[in-house]
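Heads up: the structure comes next, in structure tokens.
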Amino acid sequence: MSNNIIDQCVAQGVPFARDYAGYLDNRSFGGAQVSRTFYARGQTGQQLLLGAYSALSRQVKAGTVKLFERREMLDLVVVDGVARGITCRNMVTGEIESHWGDAVILATGGYVNVFYLSTNAMGCSVTAAWKAARKGAYMANPCYTQIHPTCIPQHGDQQSKLTLMSESLRNDGRCWVPKKAEDCEKPAGDISEDDRDYFLERKYPSFGNLAPRDIASRAAKEQCDDERGVGPGKRGVYLDFADSINRLSEDTIRERYGNLFEMYEKITDENAYKQPMRIYPAPHYSMGGLWVDYNCMSNVPGLFVLGEANFSVHGANRLGASALMQGLADGYFVIPYTIAGYLAGVKPGEVKDDHEAFKQSADDVKADIDKLLSINGTKTPSEFHRELGKIMWEKVGMARSDESLKEALKLIPALRDEFWKNVKVVGTNEQFNQELENAGRLADFFEFAEILTKDALNREESCGGHFRTEHQTDDGEAMRNDEDFCYVAAWEFKGAGVEPELHKEPLKFDNVKLAVRSYK
Amino acid sequence: MKLKLHIWRQNGPNDKGKLETIDAPNVSPDQSFLEMLDDVNQALAIEGKDVVAFDHDCREGICGMCSQVINGVPHGGQERTTVCQLHMRKFKDGDEIFIEPWKARAFPVIKDLVVDRDGLEKIMQAGGYTSCHTGGVADGNALPIGKPIADYSMDAAECIGCGACVASCPNSSAMLFTGAKVAQLAVLPQGKIEAQRRVMAMTEAAKENGFGNCSNHYECQASCPKGVDVKFIAKLNREYMKALVT
Ligand SMILES: Cc1cc2nc3c(=O)[nH]c(=O)nc-3n(C[C@H](O)[C@H](O)[C@H](O)COP(=O)(O)OP(=O)(O)OC[C@H]3O[C@@H](n4cnc5c(N)ncnc54)[C@H](O)[C@@H]3O)c2cc1C
Ligand code: SF4
Ligand code: FES
């Protein structure tokens with residue numbers, strides 16, 4: 001499938017890197033020991049997206065797709081258990097609109113902004129998925145969140161998001177921290193080779209700096225917890241290119257990663273050709289999401305979920321470069337076939353936006369907006385978001401324990417209650433109002449955060465992006481419990497503050513035997 | 001740092017709009033420009049005042065949403081840098097900063113610093129693609145592409161569609177944007193076939209949507225956060241001429 005996708009993108013005009021013979025060039029990526037990833041300078045993801053955007057533009061011109069820009073989906077309309085449309089807010093005028101359809105597809109992305117600071121764009125939210133969950137769609141494995149190892153460390157409290165440095169940097173960069181805590185304040189160049197701890201190479205000799213994301217992230221956290229981190233707040237590790245520059249020349253490194261080095265310098269004011277970069281893990285991707293079957297349809301008939309918004313494919317851990325592959329596969333090669341099968345069984349236009357359910361949904365959406373605007377408290381949505389993020393990062397982040405999760409389950413509802421009593425949302429609905437947008441998204445994050453935490457508490461094992469400190473081997477590696485937890489946890493929301501219902505979908509492996517993969 | 005900001009406030013396309021002076025009393029040099037505005041908005045919101053609307057999303061220079069003219073220059077004048085990547089260490093204590101939206105007839109103001117860039121989408125829709133269907137395409141290696149050509153195409157593909165080139169141009173020309181898209185596809189074998197139709201349609205759409213013509217000021221290249229080269233305008237003209245004569 002992935003080769004088909006590359007062919008598709010090539011046909012769209014995505015300028016993948018070519019070798020001198022004219023063939024597609026490739027390189028290796030985290031979690032893989034061989035070169036097998038095609039790339040377009042340091043911005044493959046962006047170029048694939050632009051390819052999809054251009055293909056979409058063609059359909060718009062052809063009249064097969066109608067775009068509604070600057071609309072936010074704020075409810076799923078379900079009639080007799082079947083998805084029939086959505087309710088949106090026009091983000092320019094504030095108008096609440098109903099849109100009907102014979103099927104609904106959500107491709108609304110991931111939810112790691114629940115941590116406040118993440119690599120995701122500021123507009124990413126759980127809102128669309130969560131509104132569907134409130135209408136009966138199951139939320140599967142929400143505790144599987146990916147913390148990406150190669151991000152630029154936080155500069156201070158005013159930070160609004162974290163920047164990812166492409167993982168490809170780990171191909172030529174070596175991760176290290178000083179062996180001795182007292183060396184951490186020294187410039188990197190003053191620390192001799194013998195005093196450096198190349199911790200990934202030490203711990204995982206065969207994968208080394210290309211160890212999978214979860215493992216590399218946790219290893220970085222361990223070094224910093226051990227007081228051997230570098231940079232502000234000592235939450236950072238070095239990613240050093242000196243050896244590669246000596247081996248390959250600065251020009252080669254510049255050709256491979258020039259734009260990333262430039263971006264790094266803009267943010268940190270440091271030249272990574274001369275001194276090592278500093279990196280630290282940050283929330284990056286959500287493996288969990290709305291539950292779907294092999295047809296990408298949720299348990300609500302007629303509601304399809306694609307891309308990062310669904311839970312499929314990646315299990316507890318996602319390897320480099322596979323998110324876009326999944327998203328493009330879902331969109332280019334799965335949904336065209338499966339939705340056709342579904343549509344064959346429905347009567348077109350059976351339920352339209354004149355149905356009572358659309359009016360009800362619009363009224364509910366308006367009531368929520370009015371409520372948010374009427375509270376007029378003393379704290380802004382962004383203050384609340386930072387507070388929620390802090391709870392999630394500290395208690396439900398890279399390492400979770402029974403104790404930290406139970407604390408979070410006290411703190412989240414308390415903060416949510418405070419939010420609904422004390423949030424201050426300025427402006428009105430009938431205008432372009434980003435404060436209102438943020439407040440609405442945050443309200444959904446509050447409900448969702450609790451389910452994510454409950455899922456993490458329920459899953460008494462460590463696997464992939466989910467690490468429970470109680471479940472680790474003597475040398476700190478994740479310990480799965482296949483006996484009791486070899487299932488997808490699909491949660492049915494029953495109302496804020498009400499215990500959600502857990503549906504277990506057993507994972508059956510007919511052709512492979514479950515084993516522990518060693519990266520050592 | 002303490003800064004004095006003069007920020008464009010405009011309530012919709014029909015409002016006249018004006019500059020409002022707002023103090024930013026506590027700016028850290030490590031903050032990004034947008035984080036500085038976040039703080040300004042936080043203070044406004046606490047006072048119950050309307051916050052400054054501005055577009056942004058990725059905050060790392062790839063989505064092209066952020067669109068501010070800072071001290072008269074789109075994206076603020078740091079070479080190859082979007083507003084979201086601009087950091088406050090480039091300013092100094094006591095500075096006065098003028099912050100305005102993209103100003104071009106083709107980009108009506110939605111609110112404050114937010115503008116409607118639908119015109120660029122219209123140019124894309126007119127022809128910024130290859131007409132391949134999804135599924136059933138040839139093997140990507142069946143079309144060998146020389147490295148210099150792939151690299152040239154990639155240079156053009158750097159464009160993030162932000163519209164700074166239009167905002168900086170005295171003629172509000174979108175020719176750098178259009179040229180980048182045209183050139184990216186025209187040099188690739190998979191895009192060559194439709195090159196003539198594409199360049200005509202995209203040029204026509206640019207005209208229809210209120211964008212002007214290039215008269216060689218090169219302000220576009222200077223303000224382009226992705227370093228898209230004006231050579232792509234020359235390429236656009238060449239492709240256009242080719243299409244005219246054939
Ligand atoms: C910095 C960064 C770099 C990455 N690099 C790579 C890479 O190199 N390779 C790789 O495989 N993966 C990469 N990923 C992951 C990958 O980009 C994402 O998983 C992927 O883009 C998700 O695609 P999507 O279409 O599912 O969702 P998104 O791209 O998040 O799109 C969701 C869309 O839905 C819209 N939306 C959301 N909610 C609503 C609502 N309520 N109403 C209306 N619209 C809504 C959003 O505005 C957005 O346009 C990267 C991610 C990040 C953040
Ligand atoms: S050419 Fe440059 S300035 Fe113009 S839209 Fe593209 S990235 Fe922006
Ligand atoms: S916010 Fe995405 S480019 Fe600036």
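The values are calculated or read from the model by the stated rules, or taken from the named source; none is laboratory data. If you're wondering where the values come from, they're calculated on a predicted model, not measured in any experiment. Here the Cβ positions follow ideal geometry from the backbone for every residue, glycine too, while neighbour counts run over all protein chains shown. Calculation scope for accessible area: heavy atoms of the full protein, side chains included, ligands and nucleic acids excluded. Shrake-Rupley method; radii C 1.70, N 1.55, O 1.52, S 1.80 Å.
What to note about this one:
- Across segment B:104-139, the qualifying residues are those that are open to solvent by 40 Å² or more (accessible area, probe 1.4 Å) and among the polar types (S, T, N, Q), and the one among them that is nearest to ligand 2 (Cβ to nearest atom) is B:Ser131.
- Hey, B:Phe98 touching a residue at least 40 places away in the same chain (Cβ under 8 Å) and surrounded by 22 or more Cβ atoms within 10 Å (Cβ to Cβ) or not: no
- B:Ala156 being in a helix (DSSP H, G or I), within 21 Å of A:Cys9 (Cβ to Cβ), out of contact with any helix residue (DSSP H, G or I) (no Cβ under 6 Å at 6 or more places or on another chain) and among the small types (Gly, Ala, Ser): no
- Apart from one condition, B:Tyr152 fits all of (1) open to solvent by 30 Å² or more (accessible area, probe 1.4 Å); (2) aromatic (Phe, Trp, Tyr); (3) within 16 Å of ligand 3 (Cβ to nearest atom); the exception is (3).
- If the condition is being within 24 Å of the chain's Cα centre (by Cα) and open to solvent by less than 30 Å² (accessible area, probe 1.4 Å), then segment A:414-434 contributes A:Leu415, A:Arg416.
- Criterion applied to A:Leu452, A:Leu502 was being in the same structural domain as A:Ala140 (by TED's automatic domain parsing) and crowded, with 19+ Cβ neighbours inside 10 Å, and the one residue passing it is A:Leu452.
- The condition (being away from ligand 3 (no atom under 16 Å from the Cβ), buried (at least 17 other Cβ atoms within 10 Å of the Cβ) and within 14 Å of A:Gly110 (Cβ to Cβ)) is satisfied by just one residue among A:Gly307, A:Gly302: A:Gly307.
- Checked against (1) in contact with a Leu (Cβ under 8 Å, 6 or more places away or on another chain); (2) over 27 Å from A:Asn422 (Cβ atoms); (3) in contact (Cβ under 8 Å) with a residue 60 or more places away in the chain; (4) at the interface with another protein chain (Cβ under 7 Å from one of its Cβ atoms), B:Ala53 passes all but condition (2).
- Residues of segment B:48-79 classified as away from ligand 3 (no atom under 15 Å from the Cβ), more than 17 Å from B:Gln221 (Cα to Cα) and open to solvent by 40 Å² or more (accessible area, probe 1.4 Å), total: 4
- Those residues of segment A:223-275 which are open to solvent by 20 Å² or more (accessible area, probe 1.4 Å), farther than 21 Å from A:Ser168 by Cα and part of a helix (DSSP H, G or I), in sequence order: A:Asp225, A:Pro232, A:Gly233, A:Lys234
- Restricting segment B:57-76 to residues that are among the small types (Gly, Ala, Ser) and over 20 Å from A:Gly42 (Cα atoms), the residue that is farthest from the chain's Cα centre (by Cα): B:Gly72
- Filter pass, B:Glu35 being surrounded by fewer than 17 Cβ atoms within 10 Å (Cβ to Cβ) and either more than 7 Å from chain A (Cβ to nearest Cβ) or modelled with pLDDT of 95 or more (or both): no
- Residue check, B:Phe177 more than 9 Å from every other protein chain (Cβ to nearest Cβ), part of a loop (DSSP other than H, G, I, E, B) and crowded, with 21+ Cβ neighbours inside 10 Å: no
- Residues satisfying the stated conditions in segment A:283-295, i.e. away from every other protein chain (no Cβ under 14 Å) and surrounded by 20 or more Cβ atoms within 10 Å (Cβ to Cβ): A:Pro283, A:Tyr285, A:Ser286, A:Met287, A:Gly288, A:Gly289, A:Leu290, A:Trp291, A:Val292
- Identity of the residue in segment A:121-133, closer than 25 Å to A:Met297 by Cα, open to solvent by less than 30 Å² (accessible area, probe 1.4 Å) and out of contact with any Leu (no Cβ under 8 Å at 6 or more places or on another chain), that ends up farthest from ligand 3 (Cβ to nearest atom): A:Trp130
- Evaluation of A:Pro149 against (1) touching a residue at least 40 places away in the same chain (Cβ under 8 Å); (2) farther than 23 Å from A:Gly45 by Cα (one fails), failing number: (2)
- Strands (runs of 3 or more DSSP E) enclosed by segment B:1-94 - at least 3 residues per element that are assigned by TED's automatic domain parsing to the domain that holds B:Asp229 and of a type in the set (S, T, N, Q): none
- Residue check for B:Ala150: under 21 Å from the mean Cα position of the chain (by Cα) and either within 11 Å of chain A (Cβ to nearest Cβ) or under 20 Å from A:Gly51 (Cβ atoms) (or both): no
Matching residues to (1) outside the structural domain of A:Leu76 (by TED's automatic domain parsing); (2) open to solvent by less than 20 Å² (accessible area, probe 1.4 Å); (3) among the hydrophobic types (A, V, I, L, M, F, W, C):
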position	(1), (2), (3)
A:Ala137	no, yes, yes
A:Pro153	yes, yes, no
A:Cys175	yes, yes, yes
A:Cys184	yes, yes, yes
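- Test: residue in segment A:314-331 that is among the charged types (D, E, K, R), within 14 Å of chain B (Cβ to nearest Cβ), touching a Cys at 6+ places or on another chain (Cβ under 8 Å) and away from ligand 2 (no atom under 16 Å from the Cβ): yes
Residues are listed down the side, and each one gets a yes or a no for (1) more than 16 Å from ligand 2 (Cβ to nearest atom); (2) within 30 Å of A:Tyr20 (Cβ to Cβ); (3) in the same structural domain as B:Glu79 (by TED's automatic domain parsing):
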site	(1), (2), (3)
B:Ser153	no, yes, no
B:Ala157	no, yes, no
B:Ile160	no, yes, no
B:Val166	no, no, no
B:Asn171	no, no, no
B:Glu194	yes, yes, no
B:Met200	yes, no, no
B:Lys235	no, yes, no
B:Arg238	yes, yes, no
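- Selection from segment A:415-440 of residues that are part of a helix (DSSP H, G or I) and either within 13 Å of another protein chain (Cβ to nearest Cβ) or among the hydrophobic types (A, V, I, L, M, F, W, C) (or both): A:Leu415, A:Phe419, A:Trp420, A:Asn422, A:Gln434, A:Glu435, A:Leu436, A:Glu437, A:Asn438, A:Ala439
- Test: A:Lys366 is in a helix (DSSP H, G or I), more than 14 Å from every other protein chain (Cβ to nearest Cβ) and either open to solvent by 30 Å² or more (accessible area, probe 1.4 Å) or within 16 Å of A:Val82 (Cβ to Cβ) (or both): yes
- Failed item, numbered, when A:Ala121 is tested on (1) in contact with a helix residue (DSSP H, G or I) (Cβ under 8 Å, 6 or more places away or on another chain); (2) over 25 Å from A:Ala489 (Cα atoms): (1)
- Taken as a whole, the condition of being farther than 27 Å from A:Cys463 by Cβ, touching a Pro at 6+ places or on another chain (Cβ under 7 Å) and in contact (Cβ under 8 Å) with a residue 60 or more places away in the chain does not apply to A:Gly258.
- In segment B:108-134, the residues that are more than 7 Å from every other protein chain (Cβ to nearest Cβ) and of a type in the set (Gly, Ala, Ser): B:Gly119, B:Gly127
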